[in-house]
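I have placed the structure first, in the form of structure tokens, so that the comments after it can refer back to it.
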Amino acid sequence: METSDKVLFNEKCSICNIEIQHYKKRSNIKFVDCSEMEDKYLKKLHVILADGSELVGVDAFIYVWRRTQGYNWLATLTSLPVIKQIAKYTYSILAFLIYWRFKIFVRS
């Protein structure tokens, strides 16, 4: 990736960190730790694009998967309208649970 796009992830969250470490090995994406940033960035995966716009949640994962070797198929599948809606709903629940786990057990 030759842009100033960056993916914000919570390095202090063991679940998040394991997944992102895997993507780091298979991509040239710029990943930035957001564990000390405002809660908005801790609640879901964020991509900050060069123009300042943001991709959040499932859209951020699609961005990562499109740029990670071996994951383009997952980005394509998840981009299908019905699958994307199911993924957004499921991710919202999982992200909520992971966020509160982090807030209670790590950040307290």
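The values are calculated or read from the model by the stated rules, or taken from the named source; none is laboratory data. A quick note: this is a predicted structure, and the numbers were derived from the prediction, not measured. Virtual Cβ from ideal backbone geometry, glycine too; neighbours counted across all protein chains shown.
Only a single item in (1) in a loop (DSSP other than H, G, I, E, B); (2) without any contact (Cβ under 8 Å) to a residue 12 or more places away in the chain is not met by Thr76, and it is number (1). Flag set for Ala50, criterion: assigned to a loop (DSSP other than H, G, I, E, B), in contact (Cβ under 8 Å) with a residue 40 or more places away in the chain and of a type outside the set (Lys, Arg).
Scan region 48-77 for residues that are of a type in the set (A, V, I, L, M, F, W, C), farther than 14 Å from Tyr91 by Cβ and under 12 Å from the mean Cα position of the chain (by Cα) and the total you get is 1.
Per the listing Ile83, Ile15, the residue uniquely modelled with pLDDT under 95, within 20 Å of Leu94 (Cβ to Cβ), in a helix (DSSP H, G or I) and not charged (D, E, K, R) is Ile15.
When Lys43, Lys30 are checked against the criterion of being surrounded by 12 or more Cβ atoms within 10 Å (Cβ to Cβ), in contact (Cβ under 8 Å) with a residue 24 or more places away in the chain, among the charged types (D, E, K, R) and closer than 19 Å to Leu97 by Cα, a single residue qualifies: Lys43.
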